[in-house]
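Asks: Got a structure for you, questions after.
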Amino acid sequence: MSNPRNGDTKPPCLPRNGLVKIPTQPNGLGSASITKGTPAVKNRLCQPSSVPAILSPALAHRSDLPIPSLASPLSLAALAGVSSPPGASLVGLNTSEGSEQPSPERLPGSPSERQLAVDEKILNRLFWYFSACEKCVLAQVCKAWRRVLYQPKFWVGLTPVLHTKELYNILPSGEKEFVSLQGFAVRGFDGFCLVGVSDLDICEFIDNYPLSKKGVKSMSLKRSTITDAGLEVMLEQMQGVVRLELSGCNDFTEAGLWSSLNARITALSVSDCINVADDAIAAISQLLPNLTELNLQAYHVTDTALAYFTAKQGYTTHTLRLNSCWEITNHGVVNMVHSLPNLSILSLSGCSKVTDDGVELVAENLRKLRSLDLSWCPRITDMALEYIACDLHKLEELVLDRCVRITDTGLSYLSTMSSLRSLYLRWCCQVQDFGLKHLLSMGSLRLLSLAGCPLLTTTGLSGLVQLQELEELELTNCPGATPELFKYFSQHLPCCMVIE
């Protein structure tokens with residue numbers, strides 16, 4: 001992750017979950033947000049902009065140029081590239097129907113400065129330095145800036161998040177009109193997250209988004225009332241969808257999955273959907289032979305479901321996340337390791353019935369693992385870490401948050417892992433200073449989280465300066481993390497982002 005810059009002002013975004021939230025406009029359109037898919041750039045979205053030295057000082061510091069405040073509200077209409085309702089004011093510019101954006105000739109300053117301000121070669125370089133939220137605002141300055149910013153290259157990896165109320169304009173007659181999504185199409189968005197939508201809303205979206213039939217590759221529905229019929233229509237009409245997420249959708253059933261899932265889907269995420277149980281996994285295993293990634297959070301899935309996967313999926317599936325699947329036991333782990341032997345990413349977070357024996361099965365059979373998440377597994381002990389250290393030689397990330405039975409002995413086993421780059425030990429309440437000493441020999445470690453570890457002292461933490469290759473250190477809610485310690489880290493770990 002990149003280091004956050006120091007400053008008194010913070011951009012209008014949320015740094016820890018990757019959301020860029022745009023404040024609500026008082027025009028009834030609500031707010032819109034854009035999510036960044038890649039974790040490595042989440043913090044970069046939330047940093048203040050750094051304008052490169054490619055503008056002349058006279059232009060770069062002109063306060064009379066009509067560049068809006070980057071903290072100004074921005075409506076969905078602006079984000080979508082359509083005019084705001086009459087009377088609405090957008091970032092200091094009148095964008096009502098019939099109004100004009102300032103032309104280059106009307107920009108203040110000398111002719112050379114005005115020409116420089118709209119030089120596409122310069123703008124194409126300059127705009128890379130702004131966050132997604134800021135780009136949305138800058139696109140309102142003039143047509144030249146919008147023309148440059150609306151190139152799809154500036155929006156790769158971003159997903160617009162649209163709530164139900166943001167999909168409609170209220171006409172003077174009181175009727176609702178679906179908003180224009182042309183601005184999204186121009187920027188080439190191939191993924192959307194729709195929140196709180198119904199079957200009708202999804203049909204309207206398909207009819208109004210020009211790229212919906214073939215150009216949308218990823219769809220996420222959250223807290224929506226989509227039914228079996230709506231799910232079937234969506235996947236039948238949107239032939240390009242290969243990544244599907246259903247979260248908090250309680251109106252579709254397992255029968256709906258059987259009737260709608262298409263073999264083209266390669267990544268599926270299902271969470272907080274009360275009707276998902278073993279039969280849903282059976283549908284997934286039989287209807288999605290090309291599945292590469294499955295993320296599942298379901299309270300009613302049992303060990304039996306993990307035996308449904310076919311030999312084809314055993315070859316193609318490389319990512320499996322079973323989060324808070326409370327009924328999964330070591331027997332389910334047996335079924336999983338035999339059905340999906342090629343996993344490289346595995347999460348058993350919150351699978352509270354899995355014990356050290358289950359981890360031993362994982363370590364012995366899934367030698368290709370690069371990421372393993374055992375957070376919130378209270379039965380995991382130091383013995384599990386010994387299995388991991390002995391067999392998982394390619395492991396790069398290990399998450400042990402809230403594994404409350406792990407002690408310094410377990411960390412001594414991990415110290416032999418030369419490939420481990422990220423280690424999470426949040427709220428491991430038995431880890432002490434002596435355990436940290438075992439980690440000091442891990443030259444490959446780039447990220448270390450010790451948040452909430454109550455027994456670590458300032459003295460023990462100060463020894464981490466020996467990890468000179470460390471890029472991120474998390475010490476939130478850590479009693480031993482004092483202001484003096486953070487100052488010490490800033491002097492001796494200048495390239496490390498220390499999270500207080």
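Asks: First select every other residue whose beta carbon is under 11 angstrom from the beta carbon of Thr227; then total the charges, Lys and Arg +1, Asp and Glu -1.
Replies: Every neighbour counted, the sum reads -4.
Asks: How large, in percent, is the carbon and sulfur part of the accessible surface of segment 407-499 at a probe radius of 1.4 Å?
Replies: The C+S portion of the solvent-accessible surface of segment 407-499 is 53 percent.
Asks: Set the Förster radius R0 to 25 Å, insert the Cβ-Cβ distance between Leu440 and Val404 as r into 1/(1 + (r/R0)^6), and round the FRET efficiency to 0.05.
Replies: Approximately 0.60, to the nearest 0.05.
Asks: Looking at the square roots a ≥ b ≥ c of the eigenvalues of the Cα gyration tensor of segment 420-464, which shape do they give, rounded for a/c under 1.5, prolate if a/b is larger than b/c, or oblate?
Replies: oblate
Asks: Calculate the FRET efficiency for Leu171 and Ser198 from the Cβ-Cβ distance with a Förster distance of 22 Å, rounded to the nearest 0.05.
Replies: 0.65
Asks: Starting from segment 249-342, pick out the GluC sites (Glu not before Pro) whose DSSP state is loop and whose Cβ has at most 11 other Cβ atoms within 10 Å.
Replies: none
Asks: Summarise the accessible area of segment 187-281 (1.4 Å probe, protein heavy atoms) by the percent that is carbon and sulfur.
Replies: 50
Asks: Could you provide, to the nearest whole Å², the per residue accessible area of segment 229-284 with probe 1.4 Å?
Replies: On a per-residue basis, segment 229-284 sits at 34 Å².
Asks: For segment 319-413, what mean projected area does the convex hull of the alpha carbons give, in nm²?
Replies: The number I arrive at for segment 319-413 is 4.9 nm².
Asks: Let me ask something additional. Do the alpha carbons of any pairs in Lys153/Lys214; Lys165/Lys222; Lys135/Lys222 sit beyond 23 Å of each other, and which pairs?
Replies: Going by Cα-Cα distance, Lys135/Lys222 fall outside the 23 Å limit.
Asks: Please work out the average accessible area per residue across segment 407-499, using the 1.4 Å probe convention, and give it in Å².
Replies: Here the residues of segment 407-499 average 43 Å² of exposed surface.
Asks: Oh, and also: Using only the Cα atoms of segment 175-251, build the gyration tensor, take square roots of its eigenvalues as a ≥ b ≥ c, and label the shape rounded, prolate or oblate: rounded if a/c is under 1.5, else prolate if a/b is larger than b/c, else oblate.
Replies: oblate
Asks: What spacing in nm lies between the two simple spin-label points modelled at Thr476 and Tyr299, each 7 Å away from Cα in the Cβ direction?
Replies: Distance between label points: 2.6 nm.
Asks: Kindly list the residues of segment 349-371 that lie in the label zone of Cys495, defined by a backbone N under 20 Å from the point 7 Å along the Cα-to-C-beta vector.
Replies: Correct set: none at all.
Asks: Also, I was wondering about something else. Hey, what do the phi angles of segment 159-172 turn into as Karplus ³J(HN,Hα) couplings, whole Hz, using 6.51/-1.76/1.60 and θ = phi - 60°, x for Gly and Pro?
Replies: Each residue's phi maps through the Karplus curve to give 10, x, 10, 10, 8, 3, 5, 7, 8, 9, 9, 8, 6, x Hz.
The values are calculated or read from the model by the stated rules, or taken from the named source; none is laboratory data. On a predicted model such as this, the values are computed, not experimentally measured, just so you know. As a convention, Cβ positions derive from the backbone with ideal geometry for all residues, glycine included, and neighbour counts pool all protein chains shown. Accessible surface areas use protein heavy atoms only, side chains included; no ligands, DNA or RNA. Shrake-Rupley method; radii C 1.70, N 1.55, O 1.52, S 1.80 Å.
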